[in-house]
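Remarks on the structure that follows.
The values are calculated or read from the model by the stated rules, or taken from the named source; none is laboratory data. Bear in mind that the values here come from a model prediction, so they are computed numbers and not experimental data. Glycine also receives a Cβ, built like all others from the backbone with ideal geometry; neighbour counts cover every protein chain displayed. Just so you know, the surface numbers come from the protein's heavy atoms only, side chains and all, with ligands and any DNA or RNA stripped out. Shrake-Rupley method; radii C 1.70, N 1.55, O 1.52, S 1.80 Å.
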Amino acid sequence: MILPEIEGDPAQGDPPGIRALASAQSTIARELRARADAARGALVPLEGAAGRTVAALREDVETHAEKLERAANTHEQLADVLHGYADQLDVLGAETVRLRGKAHEEYDELWMLRTRALQAAEEDGIEAIAMPRATQSLAWHEVLPARAFAGDAAPLRRWEQAIDDYRATARRYGELFRERELLDRETARRIRSVDLAVVLFGQARRGSAEGRRAAAALWAGDDTRVSAAGLAGLGTPERIRAAWNALGPDERARLLASAPLTIGNLDGIPLLDRVEANRTSLSREIALREEAIDGMRAQLDDAEAWAAKHPRTADEERTALLARIALEQRTLDAFRGLLDQRITWYDEAGVAHTDHGARVVVFDPAHSAIATYHGAVDLETRDVAGWLHNMAVLVPGTGTQIDDFSDGRGSDLARAAGRDTGLFVWAGGPFPQGGEAVNAAFSRDLAPKLHSFVDGIAMPQDATVTIIGHSYGSAIVGLAEASGLPADRVLYVAGAGIGLGNTGVAEFPGDADHYAIMARRDFIVGNSQGVYREDWGLGHGPSPLDDPAVTRLETGWVAAGDPHSGGLDDFNNAASRGAGIDSHNNVFKLGSTSFDNIVGVIIGGDVEKFAPDEIRVVGGTTVSIDGINRDGYAPTVLSVK
């Protein structure tokens, strides 16, 4: 039944969940007190000892124990506040149920008395003809006029009293919302007033007990109690970086050795520490895959087992097994190749350094996530070199896999951009394969991960940041930018769209400059750009080429500046493939106008603006002439800010 003037639930909430959170606070408090007792217990053997060193040790231990107890007091007080909040919600909930039950009863009584009063009025015969029409138009809180009751008016008075009683209950119900508002405010005030609450809660993600434990331990100076899960529980890259920097060298080494998969993929951890962790994870993954391949090869060599199978079944299973071995071997070779890479980079003084192994800053094979860095590093901060002028993040497209994610393409771009540029190639999760490219779900899943990854990079203070999305990667970039991804420039390379749900880059927060580049006859995305259905989750929103706030750049010549080399749009790599297929990736061809324009956006150099095609009618036939092939063509050069 719908009760008029009674809507909503003033007691909405989860008292059991709040009590569970309170219990977690109590558990943390007990752990902290136990650590304080253990610290003081370590001084017992020193009783009676004297000397400056012993006195200093006592002072340090006592200070440490006092901080632990202070943090424990904070968590106990928070537990009390939360328990009290849950209790008050229960009281409010009970009153809500009582008033709704009372309102139901009163509303039923109201309608019963209304029916009796109407019957009495009808029996009196006053205005009998008009009564049916009058009663049909009466609202629940309206009554008949007194003249309708020629005799006893008691039924009317009881009817009116029932309406007044119900309205009083409804008003009381409405007051519960105000009481809830006051309860929430008072609870928030009590939490803020708790000693250290802002420090400890502000450092941990809401609902993460591990994060609060880590924050409390770090505040107390007890970094031996910090776990990888605790660091992850701090929630944001900024907090994670601050916590990591507060750890001592031994504790960092402990976490790198014990939890490389977590540390290597935790946004906010310094770059070279992530690289070290992921090198360990790569080595372990290689060992696991070698073991798997050995097991499958042993199956191939088991002649007795094959002989026991039907010949056709044996052939099918042997073929499938060989395919699995080949796939594992391809991945294995790719991982070994990352460890075997030789990386040459230059410091600010121009001195060359050579590192063994790729800078793998993301590696999570279970979630198909990988990323690498190309550029200078600071060996003291173990992070991106602070003197770099340009930073870029390249997000690849459909078909990207953990063993094939455009790392070589990133290396080419970084080398061409120069020593003062750092570039990441990021594929932080599963990308669509083949026909899955029309599905927007991948971009929606990857966009927040890209945002977090970029937030976790210690960008040099004076560097410009360029985000590049190729093909499907453009949709990922567009959705991330719409959510606040920081960037100075965004470049859509053969972009599938700016992200399903977006309408134009002008609506994005920030003030990034936007560029796009795509071959004229790109058959991969050229025929599907701008085709999408939000309600079906298909497609990737408007084409960046059609957005007036996006500057389209020229793909130009196979060899930049050389018309005799031919247009890149018509260049194909193999006789079995058409130029319209190859041109989708040839936009990254080294030495081409297109490649140089991409580099120009990264470094803020000169780029060539797209030359519109010319339409001619020849012998009654409409002919389109590429802009770069028009008579007297000269490139229009723009300077990227």
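Brief remarks follow.
- Taking (1) under 20 Å from His514 (Cβ atoms); (2) in contact with a Lys or Arg (Cβ under 8 Å, 6 or more places away or on another chain) in turn, Asp403 satisfies each apart from (1).
- Complete set of residues in segment 228-250 that are open to solvent by less than 40 Å² (accessible area, probe 1.4 Å), outside any helix (DSSP H, G or I) and farther than 17 Å from Glu380 by Cα: Leu234, Gly235
- Residue check for Ala512: aliphatic (A, V, I, L, M), open to solvent by 10 Å² or more (accessible area, probe 1.4 Å), modelled with pLDDT of 85 or more and over 24 Å from the mean Cα position of the chain (by Cα): no
- Which listed residue, of Phe588, Phe571, is surrounded by 14 or more Cβ atoms within 10 Å (Cβ to Cβ), farther than 23 Å from Ala414 by Cβ and of a type in the set (Phe, Trp, Tyr): Phe571
- Across segment 590-621, the number of residues qualifying as farther than 18 Å from Tyr515 by Cα and modelled with pLDDT of 85 or more comes to 4.
- Listed by first and then second residue, the pairs linking a residue in segment 618-641 that is part of a loop (DSSP other than H, G, I, E, B) and surrounded by 10 or more Cβ atoms within 10 Å (Cβ to Cβ) to a residue that is among the hydroxyl-bearing types (Ser, Thr, Tyr) and at pLDDT 85 or above, with Cβ atoms under 8 Å apart and 6 or more places separating them unless they lie on different chains, are Val640/Tyr515.
- Among the residues making up segment 286-302, those that are in a helix (DSSP H, G or I) and either among the polar types (S, T, N, Q) or open to solvent by 70 Å² or more (accessible area, probe 1.4 Å) (or both) are Leu288, Glu291, Asp294, Arg297, Gln299.
Here is a yes/no grid of residues against (1) in contact with a strand residue (DSSP E or B) (Cβ under 7 Å, 6 or more places away or on another chain); (2) β-branched (Val, Ile, Thr); (3) farther than 17 Å from Ile468 by Cα:
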{"residue": "Pro544", "(1), (2), (3)": "yes, no, no"}
{"residue": "Pro563", "(1), (2), (3)": "yes, no, yes"}
{"residue": "Gly566", "(1), (2), (3)": "yes, no, yes"}
{"residue": "Tyr633", "(1), (2), (3)": "no, no, yes"}
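- Strands (runs of 3 or more DSSP E) enclosed by segment 527-581 - at least 2 residues per element that are over 30 Å from Leu479 (Cβ atoms) and at pLDDT 85 or above: 557-559, 562-567
- For segment 74-106, the tally of residues that are within 24 Å of Ala36 (Cα to Cα) and open to solvent by 60 Å² or more (accessible area, probe 1.4 Å) stands at 3.
- Positions within segment 477-507 being touching a helix residue (DSSP H, G or I) at 6+ places or on another chain (Cβ under 7 Å) and under 17 Å from Lys641 (Cβ atoms), in sequence order: Pro486, Ala487, Arg489, Val490, Leu491
- The residue of segment 371-383 that is nearest to Ile263 (Cα to Cα), among those that are hydrophobic (A, V, I, L, M, F, W, C) and either part of a loop (DSSP other than H, G, I, E, B) or open to solvent by 20 Å² or more (accessible area, probe 1.4 Å) (or both), is Leu379.
- Looking only at segment 55-73, and only at residues there that are farther than 27 Å from Ser23 by Cβ and open to solvent by 50 Å² or more (accessible area, probe 1.4 Å), the one that is modelled with the lowest pLDDT: Leu57
- Of all residues in segment 44-54, none satisfies being open to solvent by 60 Å² or more (accessible area, probe 1.4 Å), at pLDDT 85 or above and charged (D, E, K, R).
- Residue that is nearest to Ser283 (Cα to Cα) [pool: residues in segment 354-370 that are touching a residue at least 60 places away in the same chain (Cβ under 8 Å) and either open to solvent by 40 Å² or more (accessible area, probe 1.4 Å) or in a helix (DSSP H, G or I) (or both)]: Pro365
- Looking across segment 151-162, the residues that are small (Gly, Ala, Ser) and either open to solvent by 70 Å² or more (accessible area, probe 1.4 Å) or modelled with pLDDT of 85 or more (or both) come down to Ala154, Ala162.
- Selection count, segment 1-32, where residues are in a helix (DSSP H, G or I) and hydrophobic (A, V, I, L, M, F, W, C): 8
- The residues in segment 251-270 that are open to solvent by 30 Å² or more (accessible area, probe 1.4 Å) and of a type in the set (A, V, I, L, M, F, W, C) can be counted, and the count is 3.
- So Asp273, is it surrounded by 15 or more Cβ atoms within 10 Å (Cβ to Cβ), at negative phi and in contact with a Lys or Arg (Cβ under 7 Å, 6 or more places away or on another chain): yes
- Residues of segment 496-512 satisfying the condition of being in a loop (DSSP other than H, G, I, E, B) and not aliphatic (A, V, I, L, M): Gly497, Gly499, Gly501, Asn502, Thr503, Gly504, Phe508, Pro509, Gly510, Asp511
- Each residue in segment 309-353 was checked for being open to solvent by less than 50 Å² (accessible area, probe 1.4 Å), of a type in the set (S, T, N, Q) and either assigned to a loop (DSSP other than H, G, I, E, B) or under 13 Å from Arg297 (Cα atoms) (or both), and 2 of them qualify.
- Selection of helices (runs of 4 or more DSSP H) fully inside segment 384-495 by the criterion of at least 3 residues being touching a Pro at 6+ places or on another chain (Cβ under 9 Å) and either at pLDDT 95 or above or open to solvent by less than 10 Å² (accessible area, probe 1.4 Å) (or both) returns 441-455, 472-482.
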